[in-house]
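As structure tokens, the structure follows; a few thoughts come after it.
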Amino acid sequence: MTSTSRPASERTAVATTGTIASLSSTVLSVDNLLGFGGSHLFGFGATAFFVALALLGGSACMVFAVRGHDLAPGVAAASVAGFVVTQSPALGTDLWLPLSTALHVLVPLAFAASALVTWSRSPMKVLRVGSSLTAILAVSWAVGGFVPLWLELFLALQAATLLATTALMAGPLLPRVAGFVRNIWDNAAIR
């Protein structure tokens, strides 16, 4: 393996595992939001699968991010793991009230910090807009934990933040996927 391909493979590993983790947590968040409307998407078995997928993907992403010296996805993956373990009702963890209060602030603010690091490093306008949107949603989520909001609006802010984070994590994969699809299209016998 050449030295130029290793960083690319590490970036791909970070993006892939981070996307899996954040997409899994987004599914859990949307299921939680719909649960307050009376209809869950999944039963306990599927929910446990998404929890495990989010925690495994988040852990792998943190390891790959540390190895690749890439702060933003590592912080986002830690935030995803923090959300799933402490705030997602899928696990039903009961935490000491001061710790729970601190995590209600720290988890969304960690998403905002990750988005701001991505914004500061990104030369692409699309990623800067996505990072700004993610940071605004995350700060709104943090403030919404202490300001009287409708519960549905608060849960929608959580889901929107996690979805925006998923889009940011998948950002490095999109050019490769687009190139792969374009290659398949160009080589297709019948169009």
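Summary of values
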item	result
Integer Hz, Karplus 6.51/-1.76/1.60 couplings in order for segment 19-25, x for Gly and Pro	5, 4, 5, 6, 5, 4, 5
Sulfur and carbon atoms: percent of accessible area, the chain [1.4 Å]	74
Residues of the chain: accessible area per residue with a 1.4 Å probe, Å²	56
Distance histogram for the chain (every C-alpha pair counted, 10 angstrom bins, percent rounded to whole numbers)	10, 34, 33, 16, 6, 1, 0
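The values are calculated or read from the model by the stated rules, or taken from the named source; none is laboratory data. Keep in mind the model is a prediction, meaning the values are calculated, not measured. Keep in mind that these areas ignore ligands, DNA and RNA; they rest on the heavy atoms of the full protein, side chains included. Shrake-Rupley method; radii C 1.70, N 1.55, O 1.52, S 1.80 Å.
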